[in-house]
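These notes concern the structure reproduced below.
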Amino acid sequence: MTDGRYLHWDDLRRLEPPEGLTVEQWWAGMRLARQQSSRPTDLVDTRGIPFSYSLVDPILKSLHNLDLRATGRSVAPAAVLDRTTRNRYKVRGLIEEALSSSQLEGASTTRVVAKQMLRSGRNPRDKSERMIFNNYHAINFIKEATSENLTPGLLLEMHARLTDGTMDDQKDCGRFQQPGESRVSVVDWRSGEEVFSPPPAEQIPEHIERMCDFANDGDYSFTHPLVKAIVLHFLLAYVHPFVDGNGRAARALFYWSALRAGYWLTEYVSISEIVLKAPAKYAHAFLHTETDGNDLTYFLIHQLEVLRRAFEELAIYVDETIERMQAAERLAGDLPGLNHRQRALLGHALRHPGYRYTYRSHSTSHGVVLQTARTDLLDLASHDLLDCGMEGRRRVFIAPDDLGARLRAGDTNPDHPYPR
């Protein structure tokens, strides 16, 4: 470590070495010290050389903090632990991950349109929307698959769900590349130099078998669950077994592994949202691992920092949401034109987005006749403060997710002086 940083040669060679040493000697000594403390894995590169990592202080500190945060044992936001509000934050995390992971691979759909599509349940209209739609539903599938061991079949199912309808050839969904097929390489756009080439397709089955064994605790040595999840993320991206969608599949595999190990709050955060803000750092961490003797420490440090920031983003989002809800509740209590029953219902609706109200439930709650309940609910729906629909032959009124924003909109009707 140099000033608390785990430096690659590309960065170290620009620094002034300690007195009496050349920068090459400094680097050689540093690499020797790292190798002596590194932990090899059973995962290997194209040449059969193992990937390894060192549990340096920044990693140990991050793992301790994330053990507390990602399992909900210490500092999970109260609103996420509250069963009446947690779904709002879970859906937010799922949507952000689906959107950002797709945008990392070229999807151009805006956040507003993507959220509208996923919340309304409408079908995607183009390839970009299909990528986001697939990511969202694949993450839900992954949650259900955490009780299973990782197998080639499960990886293929993940990929098929992520890429359905987005590949140039639909037959490429849910299959590994075969010997003789062209492999994708990563090229530096500035120099035109090839900076990464995945293993030949002939090696894919062996790499996948080793990956599954590692994921299922087959290496007989303890690997911290978050380290394991991040290493799986790296290795699937390294092997690049699919024609397309390798990045999406690698990030999905991270979630599968973390959730399987009991880090349930990772479902509420988006790693892709953070990576999307600085994709070059993600690429450098990957390439530094590959170009420095398969040292996974670079990628671990980067991804643990991504996770830390993702949990910070969740905490900020929760705080801002609670503040908006409290302000909207105060606004609802002061609105002219609303009776006390309607104010009470809106206060409840703000805390329970998606809740369904009926004439009968409102009548029973407030001890009024059905006609009065009907008038209250239809009045709120006419001002766009409740969504209205039918469930069979029964009319229902649904608390909208954005009720706070609607209350603050300030658009008024002269006959009904409150926001609609």
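The values are calculated or read from the model by the stated rules, or taken from the named source; none is laboratory data. The model shown is predicted, which means the values in this text are computed figures rather than measured ones. Counting neighbours? That spans all protein chains shown, and the Cβs are built from the backbone with ideal geometry, glycine included.
Put simply, of Leu253, Leu226, Leu236 the only residue that is more than 15 Å from the chain's Cα centre (by Cα), crowded, with 18+ Cβ neighbours inside 10 Å and at pLDDT 95 or above is Leu236. Is it true that Leu370 is of a type in the set (A, V, I, L, M, F, W, C), over 28 Å from the mean Cα position of the chain (by Cα) and surrounded by 20 or more Cβ atoms within 10 Å (Cβ to Cβ)? It is false that Leu370 is of a type in the set (A, V, I, L, M, F, W, C), over 28 Å from the mean Cα position of the chain (by Cα) and surrounded by 20 or more Cβ atoms within 10 Å (Cβ to Cβ). So, Val243, is that one aliphatic (A, V, I, L, M), under 14 Å from the mean Cα position of the chain (by Cα) and surrounded by 21 or more Cβ atoms within 10 Å (Cβ to Cβ) or not? For Val243, the condition - aliphatic (A, V, I, L, M), under 14 Å from the mean Cα position of the chain (by Cα) and surrounded by 21 or more Cβ atoms within 10 Å (Cβ to Cβ) - is not met.
Glu267 satisfies every condition listed in (1) in contact (Cβ under 8 Å) with a residue 60 or more places away in the chain; (2) assigned to a helix (DSSP H, G or I); (3) closer than 30 Å to Gln35 by Cβ except (3).
Answer with yes or no whether Lys115 is surrounded by 14 or more Cβ atoms within 10 Å (Cβ to Cβ) and modelled with pLDDT under 80. It is true that Lys115 is surrounded by 14 or more Cβ atoms within 10 Å (Cβ to Cβ) and modelled with pLDDT under 80.
Report the residue count in segment 339-359 for those that are over 24 Å from Asp401 (Cβ atoms) and outside any loop (DSSP other than H, G, I, E, B). Residues that pass the stated criteria total 1.
Selection of first residues in segment 18-37 that are in the same structural domain as Tyr6 (by TED's automatic domain parsing) and surrounded by 12 or more Cβ atoms within 10 Å (Cβ to Cβ) and of second residues that are of a type outside the set (A, V, I, L, M) and assigned to a helix (DSSP H, G or I), restricted to Cβ pairs under 6 Å at least 6 apart or on distinct chains, gives the following pairs, ordered by first then second residue: Trp27/Trp9.
Looking at segment 134-149 only, could you name the residues that are closer than 18 Å to Asn246 by Cα and without any contact (Cβ under 8 Å) to a residue 24 or more places away in the chain? Result: Phe141, single match.
Restricting the first member to segment 307-322 and to residues that are touching a residue at least 60 places away in the same chain (Cβ under 8 Å), and the second to residues that are hydrophobic (A, V, I, L, M, F, W, C) and not in a helix (DSSP H, G or I), the beta-carbon pairs closer than 6 Å and six or more apart or on different chains are Phe311/Val269; Leu314/Val269. All told, Glu320 falls short of being under 15 Å from the mean Cα position of the chain (by Cα) and either acidic (Asp, Glu) or not in a helix (DSSP H, G or I) (or both).
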